[in-house]
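Heads up: the structure comes next, in structure tokens.
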Amino acid sequence: MPWIKLFDSLAQAQAKIPVRKATAVVVQGQEICVAHTAAGFFAVENSCPHLGDALSRGTTNYLNEIVCPWHSYRFNLATGQECQHRTRPLKRFALEIREDGLYIELPD
Ligand code: FES
């Protein structure tokens, strides 16, 4: 599985995505939501499994969840699970902080 660099350093990632925020990135044609919480950085699919709104437009909370901006479904960023099991879990992507940047692992 290939690892792809998203940011050149952790500081750059922190500057672009402040704590409690999320942003969308497109990596090899896949739109991914990268969220930053008190627990660190997380990467999940950007399209909400409910009706497809962009999770990167949502908010994060103290439970380490991302909250969809449309119907407020809440997804645990560590597990992908929706808090009330109303829809399938989010696809998650591994992130790795290296000396030369923040990397994401994409399935082949
Ligand atoms: S589209 Fe995300 S909760 Fe409905």
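Every number in this text was worked out from the coordinates using simple rules, so none of it is lab data. Since the model is a prediction, treat every value here as computed from it, not as a measurement. With ideal geometry, Cβ positions are generated from the backbone for all residues, glycine too; neighbour counts draw on all protein chains shown.
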Open item on the list: I need the full set of residues from the stretch 30-54 which are surrounded by fewer than 20 Cβ atoms within 10 Å (Cβ to Cβ), among the hydrophobic types (A, V, I, L, M, F, W, C) and more than 16 Å from the ligand (Cβ to nearest atom), in order please.
Closed with: ALA38, ALA39
- [ ] Identify the residue in the stretch 55-108 that is over 20 Å from VAL25 (Cβ atoms) and in contact with an Asp or Glu (Cβ under 6 Å, 6 or more places away or on another chain) and, among all such residues, is surrounded by the fewest Cβ atoms within 10 Å (Cβ to Cβ).
- [x] TRP70
Task: Only one of GLU65, GLU82 that is in contact (Cβ under 8 Å) with a residue 24 or more places away in the chain, within 16 Å of the ligand (Cβ to nearest atom) and not polar (S, T, N, Q) - done: GLU82
Task: Criterion (without any contact (Cβ under 8 Å) to a residue 60 or more places away in the chain and in contact with a helix residue (DSSP H, G or I) (Cβ under 9 Å, 6 or more places away or on another chain)) met by exactly one of ALA22, ALA15 - done: ALA22
Task: Where VAL27 falls short, out of the listed (1) buried (at least 16 other Cβ atoms within 10 Å of the Cβ); (2) among the hydrophobic types (A, V, I, L, M, F, W, C); (3) within 14 Å of the ligand (Cβ to nearest atom) - done: (3)
Task: Among (1) touching a residue at least 40 places away in the same chain (Cβ under 8 Å); (2) within 14 Å of the ligand (Cβ to nearest atom), the one test that GLY58 misses - done: (1)
